[in-house]
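A.B. asks: The structure follows.
Each value in this text was obtained by applying a stated rule to the coordinates, not by laboratory testing. Treat the numbers as computed from the prediction; the structure is a model and nothing was measured. Glycine also receives a Cβ, built like all others from the backbone with ideal geometry; neighbour counts cover every protein chain displayed.
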Amino acid sequence: MKNFDLIVVGSGIMGAFHAYHAAMAGKRVLIVEKDNFPVSSTVRNFGQAVPSGSAGKWFDFGRRSLEIYQQIQQKVDISIRRNGTIYFASDETEWQLANELYDIHQGKQYDCILLSKRQCLDLYPELKQDYVRGAIYYPNEVSVEPNLLIYRLLDYLQEQLQVTYLPDTAIVNCTEANGKVNVVTSGNVTYTAEKAIICSGYVFNLLFPEIYAQSGMIVSKLQMLQTVPLTNVAIKGNILTGLSIRRYESFEECPSFQHITTPEHYRELKKWGIHILFKQAIDGSVIIGDSHEYAPVGKTDELGFDTRTHINDLMLKEAERIMHFPVRKIARAWAGFYAQHPNDIFEYDVSPNIHIRTGIGGKGMTTSAGYAEKNIQKLYL
Ligand SMILES: Cc1cc2nc3c(=O)[nH]c(=O)nc-3n(C[C@H](O)[C@H](O)[C@H](O)COP(=O)(O)OP(=O)(O)OC[C@H]3O[C@@H](n4cnc5c(N)ncnc54)[C@H](O)[C@@H]3O)c2cc1C
């Protein structure tokens, strides 16, 4: 049997980038996935890589992730498109926050510009005049096609970096003895390596259930909608709106954030954790979302598998308030889930060489590449 330095459990974006950085550092890596191919958070999202929405070290991880994405894209097409990110403010409060974040990001030499109402309407003909007050625009941020990104990255790992990938293989046990880590599959095959990193997303019942039960993690359920291809519509890049300005961590750093109040027309939307984002996919369809419902580890099945019509209606109504294009030409709808932790990520070392790294929350497509790079450096010091 082949010898491995590192076994990564889970081939979502977190697992894939831990495997990538370890392989780049010359490690022999095995990455194991329980499903036929990744079907969890990593393929159910918008594909917005938006460091501008993060704060503190996550902003830095996001910036670094943009560089890593571009480096890989130069070698193989993993669907990175540098179309920028725009946050449309809809009232004076949101516009004030946009101006304050502009000052913060200018201070960090992070490229952004403020756009007046007129400029927004000229640049985005689909935008409704009554909605927009102004915007902050980040020209260097990127969009990805989530499914293409992960499937092509996994191919790249195998073809160019000699990583071994085992799909359809659930890991049901992971222990360390005499400086070696043994992982056991549901088919009772054991693989051995010096180290294991567990990037298992929101799967808590296969490995270390007792640790997850005490972890403080929660799972968020998000509702998503996608239109039919709208070939006459061109809304490029990552589009975020007023409720996103009131929600994202970066805006919380703005001096006036602590004084903001919620206008009446936002109350029902906020109750369901709704903020409206748009991302046009390569085929012209537009992904519209999202909402947030929460449950702790152990109760996550109570979130249900279905989507609520009331939430979809609220999202579509708000989307219609923002854009002219036919938002109700919906082709598909789904629920996505992710794990999140009050400390922004769950990092737990089960033993000296077994490391759980999950619960990255709603920022995994933005920050995993940079976070995993730092984590691999730390673990191999
Ligand atoms: C609807 C939605 C929209 C989002 N939008 C964005 C966005 O635009 N931008 C952004 O930055 N982030 C976004 N996110 C967040 C982002 O998708 C997640 O942070 C990220 O995908 C988490 O990746 P992960 O690898 O930790 O988890 P996952 O993608 O869930 O991957 C974990 C993998 O581990 C496997 N696994 C688990 N246990 C085992 C085991 N024992 N053996 C073998 N395999 C196992 C699972 O099958 C799974 O494939 C969004 C998320 C959702 C749900």
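A.B. asks: Just give me the residues in region 192-206 being more than 17 Å from GLU176 (Cβ to Cβ), among the hydrophobic types (A, V, I, L, M, F, W, C) and within 8 Å of the ligand (Cβ to nearest atom), in sequence order.
C.D. replies: CYS199, VAL203, LEU206
A.B. asks: Now for a different question. Take the residues in region 363-377 that are surrounded by fewer than 24 Cβ atoms within 10 Å (Cβ to Cβ) and over 15 Å from LYS57 (Cα atoms); name whichever of them is nearest to the ligand (Cβ to nearest atom).
C.D. replies: Step by step, filter region 363-377, then rank; the result is ILE376.
A.B. asks: Go through region 279-314 and give me each residue that's within 13 Å of the ligand (Cβ to nearest atom), within 18 Å of the chain's Cα centre (by Cα) and of a type in the set (A, V, I, L, M).
C.D. replies: ALA281, ILE287, ILE288
A.B. asks: Check region 205-226 and report whether any residue there is under 30 Å from LYS117 (Cβ atoms) and acidic (Asp, Glu).
C.D. replies: No - not one qualifying residue is present in region 205-226.
A.B. asks: Within region 115-146, can you find the residues that are outside any loop (DSSP other than H, G, I, E, B) and surrounded by fewer than 17 Cβ atoms within 10 Å (Cβ to Cβ)?
C.D. replies: Within region 115-146, SER116, ARG118, GLN119, LEU121, ASP122, LEU123 qualify.
A.B. asks: A further question follows. Quick one: ILE276 ticks every box in (1) closer than 24 Å to GLY12 by Cβ; (2) under 21 Å from the mean Cα position of the chain (by Cα) bar one, so which box is it?
C.D. replies: With respect to (1) closer than 24 Å to GLY12 by Cβ; (2) under 21 Å from the mean Cα position of the chain (by Cα), ILE276 is out only on (1).
A.B. asks: Mind checking which residues of region 32-47 are over 20 Å from the mean Cα position of the chain (by Cα) and either over 19 Å from THR185 (Cβ atoms) or within 9 Å of the ligand (Cβ to nearest atom) (or both)?
C.D. replies: If the condition is that a residue be over 20 Å from the mean Cα position of the chain (by Cα) and either over 19 Å from THR185 (Cβ atoms) or within 9 Å of the ligand (Cβ to nearest atom) (or both), then VAL32, LYS34 are the ones that fit.
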